[in-house]
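Taking it in order: structure first as structure tokens, then the write-up.
Bear in mind these aren't lab numbers, they're just calculated from the coordinates by the rules spelled out. Computed from a prediction, not measured in an experiment: that's the story for all the values here. Cβ coordinates were reconstructed from backbone atoms using ideal geometry, including for glycine residues, and neighbour counts include every protein chain displayed.
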Amino acid sequence: MKHPVGIIHGRFQVLHLDHLKYLLAGKALCEHLVVGITNPDPTATTPEDSAPDRSHRKNNPLTYYERCRMVRAALMEADVPPQDFSIVPFPICHPLLLRNYAPEDAVYYLTIYDEWGHEKMKRLKSLDLQTYVIWEKPLSQKGLNGSNVRQAISQNNDWETMVPASVADMIMKWDIQKRLENFS
């Protein structure tokens with residue numbers, strides 16, 4: 001039986017194929033998927049002891065709006081009807097604000113690879129939110145990550161095979177390569 005509402009979250013800086021796998025795994029568990037985009041406002045993003053690089057500006061080159069567009073396009077490209085998902089800000093750096101953006105009675109889905117994954121689980125549980133671990137794997141089994149995709153884009157390596165076609169179109173249209181080169 002599917003949960004009525006499930007919530008999945010991530011930075012999606014840049015949305016890649018393993019992000020899409022994660023999103024679709026969450027969607028398979030619920031009728032309506034809420035996709036929470038973390039670090040939605042760079043002025044409200046705080047450093048995290050368990051994941052110090054995640055708050056650096058160079059690791060967050062896309063705006064909230066751009067990430068919303070990528071998530072929406074990737075899910076629709078994967079044949080998820082637009083009425084079956086929503087996209088919201090998800091300020092995991094300020095957990096007490098989460099209730100302002102996402103429903104309390106939903107199931108909060110996670111994947112865990114490292115200390116940061118365990119920290120997010122701890123934060124959600126401290127708010128008495130129902131959590132569900134989709135999978136837990138060692139970091140060595142994570143696969144693609146945003147850093148590798150951003151590096152491939154900035155160096156004009158084979159990045160197109162790492163992202164959904166709709167996301168590749170946006171990366172080229174918005175000249176994300178040039179933006180990433182400015183951080184190098």
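Observations
- Counting lysine pairs in the range 3-142 that sit 8 or more residues apart in sequence, or on different chains, and whose Cα atoms lie under 24 Å apart gives 17.
- Relative contact order of the chain, taken over Cα pairs closer than 8 Å and 6 or more residues apart, is 26 percent.
- Cα gyration tensor shape of the range 3-142, rounded if a/c is under 1.5, else prolate or oblate by comparing a/b with b/c: rounded
- The charge dipole of the range 3-142, taken about its Cα centre with unit charges on the Cβ atoms of Lys, Arg (+1), Asp and Glu (-1) only, comes to about 260 debye.
- Between helix 64-77 and the chain: long-axis angle, C-alpha atoms, 0 to 90°, nearest 10: 80 degrees
- Computed from Cα positions, the angle between helix 115-126 and the longest principal axis of the chain comes to roughly 30 degrees.
- Spin-label pair Asn100-Lys122: with each label point 7 Å from Cα along the Cα-Cβ axis, the two points sit 2.4 nm from one another.
- Estimated 222 nm signal from helices in the chain, with DSSP H stretches of n ≥ 4 weighted -39500 (n - 2.57), rounded to 500: -10000 deg cm²/dmol
- For the range 6-15, 3J(HN,Hα) per residue [Karplus equation, 6.51 cos²θ - 1.76 cosθ + 1.60, θ = phi - 60°, Hz, x = Gly/Pro]: x, 10, 10, 9, x, 7, 6, 10, 9, 5
- In terms of packing, defined here as the mean over residues of other Cβ atoms within 10 angstrom, the peptides 80-88, 16-24 line up highest first as 16-24, 80-88.
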